[in-house]
Amino acid sequence: MADNMQTLFKSSKTAGAMLGAACGDALGWPNERVRKSKVPKQPQGCLHEFRKWYRRSGGRFFPHEEIIEAGEYSDDTQLILCLSRSLLKGEKWFEFYTQVELPLWSLYERGGGGATKRAVNSWQDGIEPWNPNRKPQEETKYFKAGGNGVAMRALPHALYHCDRDFDKVASSIFKDGATTHGHPRALLGALVYGYALWASLRKESKLSYGELIEEVIANEATWSPIPTQDNFSQDWLVVAQKHQKNYEELWLSTRDEILQYLAICKSELSRGDLSFDDEVLEKLQCFNKQINGAGTVAAVASVYLASRYAADPINGVTKAAFAIGSDTDTIASMSGGLLGCINGSDWLSSVKSGIQDHSYLEKTALKLITRQTESVPSFEPIKRADLMDWIDKVISSPDLLSPDLLEVELPDGRIAKVNCGKTQKGRNGKYKVEFRRFITSEGQTIYINKISKGNFVCQQREPENVPPTIQTTPNQPQGVVQADRLNMGPKLPVESIEKSVAFYKELLGLTIKKQSKESVIFNQGLVLEPASFVKEFRSQEFRSLLYVEVTDIQNRYHSIKERGIQVVTPLENWKQSKWRFFRCRDFDGNVIEVFEKQYQQLKLHMEATDRA
């Protein structure tokens, strides 16, 4: 009976970790690069609700838009699944990972990092990215790659080796990490995060507030050494030291950097409610564009958030996903993975069904924790030419014109059903983008886009997938689009920037355009300033009136009442019209008039009637 309870306990933690990682990824991905993506101007509702958005792809030469459906994940979860399938191959996991999974991933990756994609290109040629025979500049880029691409995929190692000593986990993480990154920031960041996952999984009781940080600091000697337990690690380290003679010193300095970050977390957590997350994340360099993508930064930030929100996991993931200016999808994914290890899967019950491939994620997690390996007698490495031939064959297949889904064999041998999306053509007619969606027999969804050069001007132009909330402006330069928005808004002095941001963003659905330590600018025109702002004016009694339009006014009104926020005028019709509005006060006493979206047309109509 005890064994059954222990199995259920670990299964819940494992499923929670995998689903939590995918949940954070899906929540944070739309916020990763808000300037490069078209996020629809729709009321955001609860922050932990997934949303549909439009992603700009193709770079300078082949610009196009991808529709990202609500709850879909990015490369973070894709690589977790790639690695999971590889580990389940048993002793041949590394070969399968580098010769099959990573090369195929290059065909369907969504948002992959530069270091990972460069390394995968090398594996497609059958060459290790650290091979001295590569071009010197390529080898240098590899050993300078310190991003969070390794840490983001450390979860499967912790799940697969949960019952073993951490030395085994560390060796597996290091071997995987070296496939794409060579700098200690990437590798050691993955190790400290991997240790936090491993320790949380093995804990029989839930971790309390701040306990995880204490655990990681106390066991620095366990996660910080360079893993040299196998021949691979020893041989790789020889190459690294030849490339950079002080590599071990660089490793130690990176360890010290992590310990300094952890000390900041410990100090801030000791302050309790007096500590503000954005300020802590800023101290951890999460908003520093020069370093916020480092493996060390993402690892410590996720450990901090999981430690702080151990008892409130959904808010921990949400905080990471909406830390605009940081690497939101990766930090939220890593935080979600940790919080799942701590709390199991119950906290995800309300959002699980909205996560892309949630059933497949749960099945994969169970296979990892029970080590259900598959026998792989032999396999053919996937080369770049094989991928190109395969995608050309699938795209040009006349069977795809049938309304029924076509079954195809993927380059890795899996069977999948495929259907078409709308084709987009470039503005000059010199290229087109064809979209395909594949659903594998085990339940993973894969999207592949093919760009073809040619002269498509004479062909009938298909409607572009432009969201209805995105409009062109009459006097705007050609090709530039922007969201329909309020063009003016007041400046409001507030006592707490963090509280006010939560009010306007979470409850009223405004979206942030730019945020600094001292002010916040919303896309809709509102500007928040610290309370000291009023000192520039003669009167210290400075209060403002704000007008805001929303579409789901009923839900907004109930959410505001449930939060105990003061309602000045209850929800009612505006004058004699059928359009509704209400008034409330924010945290600083400013009066907010909240109208239904149709109010603006009504106001124009009433003004015209009054003049008549």
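The values are calculated or read from the model by the stated rules, or taken from the named source; none is laboratory data. Keep in mind it's a predicted model, so treat the numbers as computed, not measured. Neighbour counts are summed over all protein chains in view; Cβ atoms, including those assigned to glycine, are modelled from backbone coordinates with ideal geometry. When the accessible area is computed, the model is the full protein with side chains, heavy atoms only, and any ligands, DNA or RNA have been set aside. Shrake-Rupley method; radii C 1.70, N 1.55, O 1.52, S 1.80 Å.
Within the group ALA311, ALA332, which residue is modelled with pLDDT under 95 and among the hydrophobic types (A, V, I, L, M, F, W, C)?
Every option except ALA311 fails the conditions.
Scan the helices (runs of 4 or more DSSP H) fully inside the range 141-240 and keep the ones with 1 or more residues being more than 27 Å from the chain's Cα centre (by Cα), surrounded by fewer than 23 Cβ atoms within 10 Å (Cβ to Cβ) and in contact (Cβ under 8 Å) with a residue 12 or more places away in the chain.
166-177, 220-223
Scan the range 544-561 residue by residue and report those that are polar (S, T, N, Q) and open to solvent by less than 70 Å² (accessible area, probe 1.4 Å).
Of everything in the range 544-561, those that are polar (S, T, N, Q) and open to solvent by less than 70 Å² (accessible area, probe 1.4 Å) turn out to be SER544, SER559.
Suppose we filter SER375, SER396 for residues that are more than 21 Å from ARG153 (Cα to Cα), open to solvent by 70 Å² or more (accessible area, probe 1.4 Å) and without any contact (Cβ under 8 Å) to a residue 40 or more places away in the chain; which single one remains? Don't jump to the end; show me each part of the working.
Values: SER375 fails: without any contact (Cβ under 8 Å) to a residue 40 or more places away in the chain.
Being more than 21 Å from ARG153 (Cα to Cα), open to solvent by 70 Å² or more (accessible area, probe 1.4 Å) and without any contact (Cβ under 8 Å) to a residue 40 or more places away in the chain holds for just one of SER375, SER396, which is SER396.
Could you list, in sequence order, all residues of the range 169-226 that are out of contact with any Lys or Arg (no Cβ under 9 Å at 6 or more places or on another chain) and among the polar types (S, T, N, Q)?
Residues satisfying the conditions are SER171, SER172, THR179, SER205, SER208, ASN219, THR222.
Hey, among the residues in the range 330-349 that are in contact (Cβ under 8 Å) with a residue 40 or more places away in the chain and part of a loop (DSSP other than H, G, I, E, B), which one's surrounded by the fewest Cβ atoms within 10 Å (Cβ to Cβ)?
SER345
Consider LEU252 carefully, then state whether it is assigned to a helix (DSSP H, G or I), farther than 22 Å from PHE174 by Cβ and either in contact (Cβ under 8 Å) with a residue 40 or more places away in the chain or open to solvent by 10 Å² or more (accessible area, probe 1.4 Å) (or both).
Details: assigned to a helix (DSSP H, G or I): yes; farther than 22 Å from PHE174 by Cβ: no; either in contact (Cβ under 8 Å) with a residue 40 or more places away in the chain or open to solvent by 10 Å² or more (accessible area, probe 1.4 Å) (or both): yes.
No; evaluated as a whole, the condition is false for this residue.
Which of the residues belonging to the range 315-327 are of a type in the set (A, V, I, L, M, F, W, C), crowded, with 21+ Cβ neighbours inside 10 Å and not in a loop (DSSP other than H, G, I, E, B)?
VAL317, ALA320, ALA321
Could you list all residues from the range 101-120 that are closer than 24 Å to LEU88 by Cα and in a helix (DSSP H, G or I)?
Across the range 101-120, the qualifying residues are GLU101, LEU102, PRO103, LEU104, TRP105, SER106, LEU107, TYR108, THR116, LYS117, ALA119, VAL120.
Quick one: which residue in LYS430, LYS422 is over 30 Å from the mean Cα position of the chain (by Cα) and farther than 27 Å from VAL120 by Cβ?
Only one candidate qualifies: LYS430.
Can you pull out the residues in the range 255-290 that are outside any helix (DSSP H, G or I), small (Gly, Ala, Ser) and either modelled with pLDDT of 95 or more or touching an Asp or Glu at 6+ places or on another chain (Cβ under 6 Å) (or both)? Outline the logic, then answer.
Just the residues of the range 255-290 that are outside any helix (DSSP H, G or I), to begin with: 270-271, 275-276, 284-290.
Within this subset, residues satisfying the condition of being small (Gly, Ala, Ser) are 270, 275.
SER275 - this is the single residue of the range 255-290 that is outside any helix (DSSP H, G or I), small (Gly, Ala, Ser) and either modelled with pLDDT of 95 or more or touching an Asp or Glu at 6+ places or on another chain (Cβ under 6 Å) (or both).
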